[in-house]
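Undergrad: Let me give you the structure first, and then I'll get to my questions.
The values are calculated or read from the model by the stated rules, or taken from the named source; none is laboratory data. Model, not experiment: these values are computed from the prediction. Every residue, glycine as well, gets a Cβ built from its backbone with ideal geometry; the counts of neighbours run over all protein chains shown.
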Ligand code: PRP
Ligand code: MN
Ligand code: MG
C-alpha cells in the first residue's frame with residue numbers, strides 16, 4: 001500500500017493545471033482545422049486527458065488504449081496490452097496522451113503499433129517527462145512538466161494502484 005513508502009508534496013494542482021493549459025494551447029494552435037484523434041493511455045492518463053480536452057479550443061475525438069508495465073515503482077520492461085484500440089487510426093492525425101514517459105518502453109511500443117496503422121500524422125503529448133530515465137530515442141513533441149528521476153504519485157499516477165485520485169503530485173522521498 002501507499003503507506004509502505006514515504007511521499008512528500010511535490011507539485012500543486014494549480015501548477016499541474018497551468019501545464020495542462022499550456023499543452024492545450026499548443027495542440028489547439030497546431031491542430032486548428034484538423035479534428036485530431038487523441039488516444040489516451042489508460043490507466044494513468046485519465047485525469048490529464050480529461051483536463052486537457054476541456055481546455056482545447058478545437059474539435060477532436062478521444063479514444064482509449066490500456067497498457068501496463070509497472071509493478072511497484074519499477075518498470076518490468078514488459079509492456080502488456082490489456083485493452084486494444086477499437087478505432088481506426090488510418091489517415092487520422094493522432095496524438096497519444098500519456099501521464100508520464102519514463103523509460104520510454106511503453107511509448108516506444110505504442111508508437112510502433114499505432115504508427116504501423118498508417119495515421120496521417122502521429123505525435124505524443126506527455127504530461128510528465130523524466131528525461132534522465134529515457135532508454136529509447138523518442139521525440140515527445142508536447143511536454144507538460146519535466147521532472148527528475150523520482151517516483152511520483154497523484155493526478156492519475158499510481159503506486160501499486162493507489163494515489164491516482166490525489167489532486168496534487170507527490171514525490172517519493
Ligand atoms: C506508467 C505510466 C506510463 C508508463 C511510463 O503506466 O502511466 O504509461 O508507466 O513508463 P515507461 O516509460 O517506463 O514505460 P503503468 O504501466 O504503471 O500502468 P498504469 O498507467 O495503469 O498505471
Ligand atoms: Mn500508464
Ligand atoms: Mg502505474
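Undergrad: Go through (1) away from ligand 2 (no atom under 16 Å from the Cβ); (2) farther than 17 Å from residue 114 by Cα for residue 73 and report which single condition fails.
TA: Condition not satisfied by residue 73: (1).
Undergrad: Continuing with this model, one more query. Quick test of your reading of the structure: residue 28 fulfils all but one of (1) more than 14 Å from residue 142 (Cβ to Cβ); (2) surrounded by fewer than 17 Cβ atoms within 10 Å (Cβ to Cβ); (3) out of contact with any strand residue (DSSP E or B) (no Cβ under 7 Å at 6 or more places or on another chain). Name the failing condition by number.
TA: (1)
Undergrad: Buried (at least 19 other Cβ atoms within 10 Å of the Cβ) and either modelled with pLDDT of 95 or more or out of contact with any strand residue (DSSP E or B) (no Cβ under 9 Å at 6 or more places or on another chain) (or both): is that true of residue 74 in this structure?
TA: no
Undergrad: Same structure again: Can you tell me which residue among 74, 63 is farther than 22 Å from residue 25 by Cβ and more than 15 Å from ligand 1 (Cβ to nearest atom)?
TA: 63
For (1) part of a helix (DSSP H, G or I); (2) touching a residue at least 60 places away in the same chain (Cβ under 8 Å); (3) in contact with a helix residue (DSSP H, G or I) (Cβ under 8 Å, 6 or more places away or on another chain), each residue gets a yes or a no:
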site: 29; (1), (2), (3): yes, no, no
site: 34; (1), (2), (3): no, no, no
site: 39; (1), (2), (3): no, yes, yes
site: 44; (1), (2), (3): no, yes, no
site: 57; (1), (2), (3): no, no, yes
site: 62; (1), (2), (3): no, no, yes
site: 66; (1), (2), (3): no, no, no
site: 75; (1), (2), (3): no, no, yes
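Undergrad: Right, here's the next one. Assess whether residue 103 counts as being farther than 25 Å from residue 30 by Cβ and at pLDDT below 90.
TA: no
Undergrad: Next question. Within 22 Å of residue 154 (Cβ to Cβ), within 16 Å of ligand 3 (Cβ to nearest atom), modelled with pLDDT under 95 and in contact with a helix residue (DSSP H, G or I) (Cβ under 9 Å, 6 or more places away or on another chain), is that true of residue 79? Please lay out each step first, then the result.
TA: Numbers: within 22 Å of residue 154 (Cβ to Cβ): no; within 16 Å of ligand 3 (Cβ to nearest atom): yes; modelled with pLDDT under 95: yes; in contact with a helix residue (DSSP H, G or I) (Cβ under 9 Å, 6 or more places away or on another chain): yes.
No, not satisfied.
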